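Worksheet: one structure, shown below.
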Amino acid sequence: MTERKRWDLTFETWIERQIRVAQDRGDFDDLPGYGKPIPDHGDDELWWVKSYLAREGLSTEALLPPELQLRREIERLPGTVGSAPSEKVVREIVSDLNRRIADCLRFPSGLPVPIHKVDAEEMVEVWTVERARRREEARTALNSTRPRLETESEAGAVRRGWIFRWFRRRNRHVVREG
C-alpha cells in the first residue's frame, strides 16, 4: 500500500516519487509489452473497445442497436434455416425471431430502422429447396466415389461372386459342425 501524501508536497512530486520508488524496486520489470512502443490508434475514440472485442474473440455486431442486429439476423436467416434438420425446427427459429422482432417494434430504441416479421411459409420453402440441393450434392458425391463397372455382365458377375462366397462360407460352417 502506498504511503499518504505529506501536506507540504505537491501531487506531482509525490506521484513522481512513488513511480521512482516502484522502478527502483523493480515493480515495472517483466510487464507485458515492456520495451515495446505504445501503439498508435490514431483518432479512433473506440480503439479500446475494438481491441477488447478482438482480444476476446467477440463480434462487433454486439455493439449495434437491437433493430440493426435483428435486421442482420433477417438477412442471414436463409442460411440459418438451410442447415436446420427438420421443418419443425425451421418454424421454431422463425417464430423465435418474429417474437423478438415484435418486442423490438413494441419498444423501439429510437433508431428509425424498418424491420418486418418473417413469413414462416417462405422460410420453409427456402429450407426445402436448400435441403433438396444438399441431398443432390450428397448423392452426386456418393456416386462419384463408387467404382463404376463397365458392363452389365461384370455387375452380374460381381453380384454372383458375392452370393457364391456367402454360400461357400455357410456350407463350410455346416460341414465342420456335422
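So which of 61, 125 ends up being surrounded by 10 or more Cβ atoms within 10 Å (Cβ to Cβ), at pLDDT below 85 and in a helix (DSSP H, G or I)?
After applying the criteria, what remains is 61.
Among the residues of region 32-51, is any under 27 Å from residue 133 (Cα atoms), open to solvent by less than 80 Å² (accessible area, probe 1.4 Å) and touching a residue at least 12 places away in the same chain (Cβ under 8 Å)?
no
What are the residues in region 78-122 that are hydrophobic (A, V, I, L, M, F, W, C), surrounded by 14 or more Cβ atoms within 10 Å (Cβ to Cβ) and under 20 Å from the mean Cα position of the chain (by Cα), if any?
Correct list: 81, 84, 90, 93, 94, 97.
Tell me, yes or no, whether region 26-49 has at least one residue that is closer than 28 Å to residue 114 by Cα and at pLDDT 80 or above.
yes
With respect to the numbered conditions (1) under 18 Å from residue 122 (Cβ atoms); (2) touching a Leu at 6+ places or on another chain (Cβ under 9 Å); (3) loosely packed, with under 12 Cβ neighbours inside 10 Å, which one is the sole condition not fulfilled by residue 75?
(2)
The values are calculated or read from the model by the stated rules, or taken from the named source; none is laboratory data. Keep in mind that this is a model prediction, so the values were computed, not measured. Ideal geometry is used to build each Cβ from the backbone, glycine not excepted, and the neighbour counts take in all protein chains shown. What goes into the accessible areas is simple: the full protein's heavy atoms, side chains included, and nothing from ligands, DNA or RNA. Shrake-Rupley method; radii C 1.70, N 1.55, O 1.52, S 1.80 Å.
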